[in-house]
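A.B. asks: Sharing a structure below in structure tokens format, with a few things to ask.
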Amino acid sequence: MTRKLVDLSISIEDGLPSDPPQMIPRIHYVNHDAGSESMLAFFPGLPREELPGGLGWSLELLQLSTHSGTHLDAPWHYHPTMDGGAKALTIDEVPLEWCMGNGVVLDFRKLPDGYLVKPTDIENELLRIDYTLQPGDIVLVMTGADQYWGQPEYLLKGCGMGREATLWLLNQGIKIVGTDAWSWDRPLPLIAAEYQQSKDPSIIWEGHFASIEKGYCHIEKLTNLDRLPAYGFTFFCFPVKIKGASGGWIRAVALVEE
């Protein structure tokens, strides 16, 4: 039996239209030539020519959201409370035990963009792949939205998980779920357009707000889910530890045994 690691994370890139304009990451690259200037400042009197090739260190300065790139949302992102009134967990408080588990992929690529996933859709997909969810499983929703990564239409792609579908998963003992789309919910511009017609606030961020009733974490902006089996792999999603934050970047990885 062989084992392979599958990278399920997208790269954070400078200026890529992967988010609304105010959230697009910015990266300032300090190359080895420019880095030599700051390096010489640490060692007064050091001639530049004594550095290898006259070059110093390289580094990058980033301006980005905790929700840029492939990331894990903490319950604090959704609301200040969870589980019916307890203080919501921030990203540094999320139990590490939640962040590693048996992965399960639900293939919803056949569903249209903006479709609201219901519990029956989950049940039918689990029946198709012949799998029964176990407590601690990490459920990953494949919408196909990642094929549009880096393009403005990415924000409009993929189905979204409704409140009832989210709670159905959580009631199976699931603590972490994920999607290859921009949001766990349906695309926000589509929800906004519907709200203008219906004025029904229950449709707004309903998958996220399910955490008020039953706390959970979800991952957004995954990729390469089509490279995984439906189940039978181990999934890892440990977040960067940011004090009091609503989310954190992850390097999502699957360990597949073949």
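Bear in mind these aren't lab numbers, they're just calculated from the coordinates by the rules spelled out. Because the structure is predicted, anything quoted here is derived from the model rather than measured. All Cβ positions, glycine included, derive from the backbone under ideal geometry; neighbour counts span all protein chains shown.
A.B. asks: Which residues does the label zone of L188 cover in the range 52-78, counting backbone N under 17 Å from a point 7 Å along Cα→Cβ?
C.D. replies: Only 64-78 pass the distance filter.
A.B. asks: Taking the Cα centre of the range 160-258 as origin and charging only Cβ (+1 Lys, Arg; -1 Asp, Glu), how large is the dipole, in debye to the nearest 20?
C.D. replies: Details: 10 positive and 11 negative charges, 88 e Å.
The calculated dipole for the range 160-258 is roughly 420 debye.
A.B. asks: Sticking with this structure for a sec: Mind checking which of V104, W149, S211 is farthest towards the positive end of the chain's charge dipole, using Cβ charges of +1 (Lys, Arg) and -1 (Asp, Glu) about the Cα centre?
C.D. replies: Positive-end residue among those listed: S211.
A.B. asks: Continuing with this model, one more query. Determine Rg/Rh for the range 1-116; Rg is computed over alpha-carbon atoms and Rh is the Kirkwood hydrodynamic estimate from the same atoms. Mind dumping the intermediate values first?
C.D. replies: On the way: Rg = 22.0 Å, Rh = 19.4 Å.
On the Cα set of the range 1-116, Rg over Rh gives 1.14.
A.B. asks: Could the peptides 59-70, 120-131, 164-175 be put in order, highest first, of the mean number of other beta-carbon atoms found within 10 Å of their residues?
C.D. replies: Per-residue mean Cβ counts within 10 Å order the peptides as 164-175, 59-70, 120-131.
A.B. asks: Please find the FRET efficiency linking M39 to Q172, where r is the Cβ-Cβ separation and R0 is fixed at 51 Å, and quote it to the nearest 0.05.
C.D. replies: So the FRET efficiency works out to roughly 0.40.
A.B. asks: Counting other C-beta atoms within 10 Å, which of W149, W182, W249 has the fewest, and how do the rest follow?
C.D. replies: Numbers: W149 17, W182 25, W249 20.
Ordered from fewest to most neighbouring Cβ atoms within 10 Å, W149, W182, W249 come out as W149, W249, W182.
A.B. asks: Then there is this: Hey, could you pull the Cα Rg and Dmax for the range 175-258, both in Å?
C.D. replies: 15.7, 50
A.B. asks: Which pairs, out of K4/K221; K157/K243; K118/K241, put more than 27 Å between their alpha-carbon atoms?
C.D. replies: Those over the limit are K157/K243; K118/K241.
A.B. asks: Choose one of C159, P229, G53: the residue whose Cα lies farthest towards the positive end of the charge dipole of the chain (beta-carbon charges +1 Lys, Arg; -1 Asp, Glu; about the Cα centre).
C.D. replies: It is C159.
A.B. asks: For a footprinting-style exposure proxy, rank D92, D19 by other Cβ within 10 Å, fewest first.
C.D. replies: Arranged by neighbour count, lowest to highest, D92, D19 become D92, D19.
A.B. asks: If you don't mind, there's one more thing I want to ask. At 222 nm, what value in deg cm²/dmol follows for the chain if DSSP H runs of at least 4 each add -39500 (n - 2.57) and the sum is divided by all its residues, to the nearest 500?
C.D. replies: -5000 deg cm²/dmol
A.B. asks: Using a 10 Å cut-off around each Cβ, can you sort D200, D107 from fewest to most neighbouring Cβ atoms?
C.D. replies: Numbers: D200 9, D107 17.
Result, fewest neighbours first: D200, D107.
A.B. asks: Still on this structure: To the nearest 20 Debye, how big is the dipole of the chain about its Cα centre, given +1 on the beta carbon of each Lys and Arg and -1 on that of each Asp and Glu?
C.D. replies: The dipole magnitude comes to about 280 debye.
A.B. asks: Lys and Arg at +1, Asp and Glu at -1: add these up for the other residues within a Cβ distance under 11 Å of G178 and post the number.
C.D. replies: Charge balance near G178 sits at -2.
A.B. asks: Give the distance, in whole Å, between the Cα centre of the range 123-197 and the Cα centre of the range 29-101.
C.D. replies: So the two Cα centres are separated by 28 Å.
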